[in-house]
Amino acid sequence: MEKSSEQSIEALRHTSAHVLAQAVKRLYPETKLCIGPATQDGFYYDFYRSEPFTPQDLEKITKEMEKIVKQDLPVERLEYDKKAASEILKDEPFKREIFNEIEGDTISFYRQGEFIDMCAGPHVKSTGLVKNFKLLNVSSAYWRGDEKRQSLQRIYGVCFPEERQLEEYLRNLEEAKKRDHRIIGPALGLFSIHPEFGPGLVYWHPKGAMIRKIIEDFWRQAHLERGYNLLYTPHIADISLWEKSGHLSFYRENMFPPMNLEQTSYQLKPMNCPFHILVYQTTLHSYKEFPLRWAELGTVYRYEKDGVLHGVLRVRGFTQDDAHIFCRPDQIEEEGMHSLDFVTYFLSSFGFEQYEIYLSTRPDRFVGSIENWERATKALEKALVKKSLSYQIDPGEGVFYGPKIDIKIKDCLQRTWQCSTIQVDFNIPERFGLKYVNQENKFEQPIMIHRAIMGSLERFFGILIEHYGWLQSR
Ligand SMILES: [Zn+2]
Ligand SMILES: [Zn+2]
């Protein structure tokens, strides 16, 4: 899509959010306004109100929105000085909080009819352009994403430039409901989850386990054919390992609490990387052995909030198809190409041929030298170019420890799913003091690349169920 049309769709969706807010204010004037951005397919607006919005309320709001569209109110940009702006916002405590943080002397507002909202824009010219919209649901959200602050009600909607696009979206939504793996999975006897004995933990039943075995066999074979070795490592380790790896300081909130035993504490693993490093450190390595490609179907445990758990797609225990590649700095490009080849071979074997690829570059907070970052980012980019894969740059979205390539697959309903990742890491080799002997017989630090193709077996299984809609084909 061209940039300008993308921008105008965003303006259309954001204007839909204002139309929603206007309708809510007309029907429930006591409601306080928070924020209302455009999203990937539509928009939402966060409201503060003591009464919950019911499905009947959404119908009423929809009717009111239709009226506002019909009225075809011009959308006008206005600029006020701080004093006048403060007066307009006197009954909107949430907007005021944002207002108090804005620097500069003038504040922009947008007005349509009687409704006015502090906003930077952009918007379409009139409410009459918001034709093809639908409100989907209400969920809760915290003001500024902070659970210690007020609980808000977020009304979600979608909006499209063309009627047929809205129809297609709604058709896909219906189709997705029919394909919900949380219904199909247990109905076909593939898996179950027993929240009363631990939410987010997956039990694979005989039929599901057989499918998993077939996937695992294919996975192992494909790895052996591509010069990987396989590892098996424990599920827990003394907590000092996680101190050394840094996980205790930067990943703690995603970890299960430690278990105390004798004089020490053990930690359930949220990642496999430190274990592979311990294996690496058992012998001296030479540049001649590189690249070392080690893979493991490693089961990890991560603490996810109850509210975000979703069938087998978002869980607390899962098996990653993890791999770590140890190589020389000059091998990043080659290993990037090798991994990209593998990823596309593997995913297309399951029928996924459409990808969205992102190259994420250096964030504000990072470790390692800028030089190394640039070299590694260029190497990954070259690998993408040489493999003729189209990609987008995600500026500043790299992990703090290095640049990465993320590959999302598109399913038959045009939904995208993040699966594969190829991440260069400057941090963990440094923390563990990893070494290899280079060509000049001197010690040097190897590059470590984290790589996953499916992401996790559980998640990939859920995607497969929804993509193929297994229940329907019977
Ligand atoms: Zn706005
Ligand atoms: Zn890793």
| remark: Residue count, region 428-474, condition charged (D, E, K, R) and either within 16 Å of ligand 1 (Cβ to nearest atom) or under 30 Å from A187 (Cβ atoms) (or both), comes to 4
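For region 21-129, which strands (runs of 3 or more DSSP E) that fit wholly inside it have 2 or more residues that are within 22 Å of S140 (Cβ to Cβ)?
Passing ranges, in order: 42-48.
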| field | Within region 419-448, tally of residues that are at pLDDT 95 or above, outside any loop (DSSP other than H, G, I, E, B) and surrounded by fewer than 19 Cβ atoms within 10 Å (Cβ to Cβ) | value | 3
| query | Going by the structure shown, is E253 in a loop (DSSP other than H, G, I, E, B), modelled with pLDDT under 95 and within 30 Å of P195 (Cα to Cα)? | reply | no
| Close pairs (7 angstrom Cβ cut-off, 6 or more residues apart or separate chains): closer than 15 Å to D341 by Cβ in region 382-393, in a helix (DSSP H, G or I) and among the charged types (D, E, K, R) anywhere | K382/E333; A383/E333; K387/D341
| query | Of all residues in region 258-297 being polar (S, T, N, Q), part of a loop (DSSP other than H, G, I, E, B) and without any contact (Cβ under 8 Å) to a residue 60 or more places away in the chain, which is farthest from R316 (Cα to Cα)? | reply | T283
| Which listed residue is away from ligand 1 (no atom under 16 Å from the Cβ) and in contact with a Cys (Cβ under 9 Å, 6 or more places away or on another chain), from N132, N137 | N132
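The values are calculated or read from the model by the stated rules, or taken from the named source; none is laboratory data. As the structure is a prediction and not an experimental result, all values here were calculated from the model. Heads up, the Cβs are rebuilt from the backbone with ideal geometry, glycines too, and the neighbour counts pull from every protein chain shown.
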